[in-house]
1. I want to confirm something. Restricting to region 30-50 and keeping residues that are closer than 21 Å to residue 166 by Cα and touching a residue at least 60 places away in the same chain (Cβ under 8 Å), which single residue is surrounded by the most Cβ atoms within 10 Å (Cβ to Cβ)?
2. State which residue is farthest from the chain's Cα centre (by Cα) when the search covers only region 360-369 and only residues that are surrounded by fewer than 20 Cβ atoms within 10 Å (Cβ to Cβ) and in a helix (DSSP H, G or I).
3. Any idea which residue in region 154-167 is surrounded by the fewest Cβ atoms within 10 Å (Cβ to Cβ), counting only those that are within 19 Å of residue 116 (Cα to Cα) and touching a strand residue (DSSP E or B) at 6+ places or on another chain (Cβ under 8 Å)?
4. Looking at region 458-565, what strands (runs of 3 or more DSSP E) fall wholly within it and have at least 1 residues that are under 30 Å from residue 344 (Cβ atoms) and touching a residue at least 24 places away in the same chain (Cβ under 8 Å)?
5. Can you name every residue in region 445-457 that is in contact (Cβ under 8 Å) with a residue 40 or more places away in the chain, within 30 Å of the chain's Cα centre (by Cα) and surrounded by 18 or more Cβ atoms within 10 Å (Cβ to Cβ)?
6. Are any residues in region 333-359 closer than 20 Å to residue 253 by Cβ, out of contact with any helix residue (DSSP H, G or I) (no Cβ under 6 Å at 6 or more places or on another chain) and in a helix (DSSP H, G or I), and if so, which ones?
7. Name every residue in region 277-303 that is at pLDDT below 95 and either surrounded by fewer than 24 Cβ atoms within 10 Å (Cβ to Cβ) or touching a strand residue (DSSP E or B) at 6+ places or on another chain (Cβ under 8 Å) (or both), in order of residue number.
């Protein structure tokens, strides 16, 4: 056994120690659920008859308590390109289950909103909290006691975390995540940026912009940039919750179908009546959570996971914080550049070696915990192999390539794109914030400039179009935290701020909201906590105050005299205007914890 990198070992040890009490309580819970919880043999005859009434040819198998029944929780809808392929999955999975003497039932469906559709719209204020609705719906789906295993069908931004958080409360069940893959590549990424910035400058109209966007998002599958959805898939691989190599195989291909078949077969082998019991709550442990953070850093993944990983961890009784991200970032090298952090998309990343290469390199550098349980029998080493179909159409796995197929996308650990993972914790008199330095040119890592303060991203757009931001400026957008308005992404601001940067101005964004998994080249200090609502210091800022955002110094500070700063009152929250159903989420807003704890009200309310 090789030695684990000292910093990864240190962070893992402190997460274990910090979580000792809460993790024990969680493991006690899932053991109790296995031994005394509701399951098929304990259901009354009437309960059981209801449970298999519509199951046709599978009724006899469902009456046999020695056969596994897999509950499918699906996020299918045909508005999300990534989730449209799931339409036929349950039918296929039933056939795959019968091949090994098992059964499949759709336990339930969960909502799956598209951040791409709601980006910059009022519905985006429901986006983060949709994660809670998904977790609750997953819990309802699995509550019937009909299942010995689970298969979770979901990919996109809040859907995978929500499914996983809900399923972790049934952590005694053998569970696998089943992806459907990315859409084929559309137009080049440089062209996307060029057209969006031309539109932001008013040089082209909406028809030209829509033509470009339709050529970009053009088919079934996930969007091809490395945003939150595809970071989810990376994370499921590194945590060992996929069949190895399942993340980035395109939909509608024979390989994709065989990976789904393998997932169903594998769940049937992991149940508690067999000799290879692998419950979800044991796969998701302190070491796999640390591995997820390492994968995030090594690939330059979405900043949204600085919320999602703490929330997933809490659902399993594990406590992580932004110091853990920061300390790991100092030693985990950036070995992948995928758009928007580089010119190529996830399909090109996959063909260059993809997750198998990344995991192989991280293992070779002792940056991943090896002694973890995974869906695959061989542990994390199995994820350093890539799936292929042999000449007979059989699914097999080949070792990762020794060298990447494209060195503009992947580098070895020995010669990384950057020696660190590019995710920094900033602290100061404004609070604590995260900063994705891997996406930003180092010459912009320190920005000191006057601020212009807004409480609505639409007002930023108006100021930009009026030329009021043509200067060195730190744009402050506050009252965007989870308690204020649900913490919508502010990705709509990216083109305008990019134009200002290209004009030669020193420009940055400071916000208590989220930016996006598509955070680009403009410096952003985001998830600032405490948020403005409730007294966060960002509420004290006034137009013209000088703020310093510095990666090198790890600081986010208002350069205002201490006496004046202490005496300055907080701004008042703008009025809330109901509509688009946002008013229904008031209870979640009121009880949401800080971003660093995952911003998930239902976990906080449960004392987790």
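The values are calculated or read from the model by the stated rules, or taken from the named source; none is laboratory data. As the structure is a computational prediction, the values presented were derived from the model and not from experiment. So basically every Cβ, Gly included, is an ideal-geometry build from the backbone, and we count neighbours across all protein chains shown.
1. Here is the first cut: in region 30-50, the residues closer than 21 Å to residue 166 by Cα are 30-40.
Cutting the leftovers down to touching a residue at least 60 places away in the same chain (Cβ under 8 Å) gives us 30-31, 33-34, 37-40.
Numbers: 30: 22, 31: 15, 33: 18, 34: 17, 37: 15, 38: 12, 39: 20, 40: 20.
By that ranking, first place goes to 30.
2. My answer is 364.
3. First pass over region 154-167, keeping only residues within 19 Å of residue 116 (Cα to Cα): 154-162.
Restricting the remaining residues to those that are touching a strand residue (DSSP E or B) at 6+ places or on another chain (Cβ under 8 Å) gives 154-156, 160.
Numbers: 154: 29, 155: 29, 156: 25, 160: 27.
The extreme case among them is 156.
4. Values: elements: 473-477, 507-511, 524-529, 546-550, 555-558.
Per the criteria, 473-477, 507-511, 524-529, 546-550.
5. Within region 445-457, the subset in contact (Cβ under 8 Å) with a residue 40 or more places away in the chain is 445-453, 455-457.
Cutting the leftovers down to within 30 Å of the chain's Cα centre (by Cα) gives us 445-447, 453, 455-457.
Hits for region 445-457 are 447, 453, 455, 457.
6. Residues satisfying the conditions are 347, 348, 349, 350, 351, 354.
7. So in region 277-303, the residues at pLDDT below 95 come out as 300-303.
Result: 300, 303.
Yes/no per residue for (1) within 21 Å of the chain's Cα centre (by Cα); (2) buried (at least 22 other Cβ atoms within 10 Å of the Cβ); (3) in contact (Cβ under 8 Å) with a residue 40 or more places away in the chain:
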| residue | (1), (2), (3) |
| --- | --- |
| 347 | yes, no, yes |
| 354 | yes, yes, yes |
| 371 | no, no, yes |
| 380 | yes, yes, yes |
| 387 | no, no, yes |
| 391 | no, no, no |
| 402 | no, no, no |
